[in-house]
Amino acid sequence: MELGGWVNRLKIFYDQKRETDVYNLGVDGDYTLDVLNRFDVEAKTRIPDIIILAIGINDSSHPSNPQGTDLSQFESQFNQLLEKSRKFTSKIVIVGLTNVDEEAGDHGYDNSNIEKYNAVLKTISANANLAFVELFNTLVKEDFADGLHPNANGHQKIFEKVKETL
């Protein structure tokens, strides 16, 4: 993938400016609970100035998680993640969830379901007075590699929106 994903593009951008280090601690397939369980160790290792949280689409229902994470449980877990984040910094950015191309591939994700989780993130962000990067409906059919994962153009769009917020 040209320049890597959106986080790698952010890393390249800040490396060129020599302003800060960017670490991508995302793990494919993670749920919010997975991030919550490993957060302390990873944050203590790096002592972050800014934390960007981009998690939640895997909590929505899909073939590997047919029931999805209960919305109230998702909200609780994400709020716990914010509590942990605040121990390190007050600069926290929440990246909203992307839509998917439901017609491409057999990924099993559904936009109407993803929107519910995105709405929870928006509410959490508003209640906590945190920056929220709205991504839902940012990507169009041509921005996907497989209907679920962004291609180079899709990652560029996400990078631009996150950079703009920072």
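The values are calculated or read from the model by the stated rules, or taken from the named source; none is laboratory data. Computed from a prediction, not measured in an experiment: that's the story for all the values here. Quick reminder, even Gly has a Cβ in these numbers, built from the backbone with ideal geometry, and neighbours come from all protein chains shown.
Points to keep in mind about this one:
- Residue within the stretch 142-157 that is assigned to a helix (DSSP H, G or I), more than 19 Å from G5 (Cβ to Cβ) and at pLDDT 95 or above present: no
- Only one of the numbered conditions (1) within 14 Å of the chain's Cα centre (by Cα); (2) at pLDDT 95 or above is violated by A126, and that is (1).
- Exactly one residue out of S125, S85 is surrounded by 18 or more Cβ atoms within 10 Å (Cβ to Cβ), within 22 Å of E42 (Cβ to Cβ) and free of Cβ contacts under 8 Å to residues at least 40 places away in the same chain: that is S125.
To keep it simple, each residue is scored yes or no on (1) in contact (Cβ under 8 Å) with a residue 40 or more places away in the chain; (2) under 21 Å from S125 (Cα atoms); (3) of a type in the set (D, E); (4) in contact with a helix residue (DSSP H, G or I) (Cβ under 6 Å, 6 or more places away or on another chain).
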| position | (1), (2), (3), (4) |
| --- | --- |
| R9 | yes, no, no, yes |
| L33 | yes, yes, no, yes |
| L36 | yes, yes, no, yes |
| Q73 | no, yes, no, no |
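- Subset of the stretch 134-166 (residues that are out of contact with any Asp or Glu (no Cβ under 8 Å at 6 or more places or on another chain) and over 12 Å from D101 (Cα atoms)): E134, L135, H155, Q156, I158, F159, E160, V162, K163, E164, T165, L166
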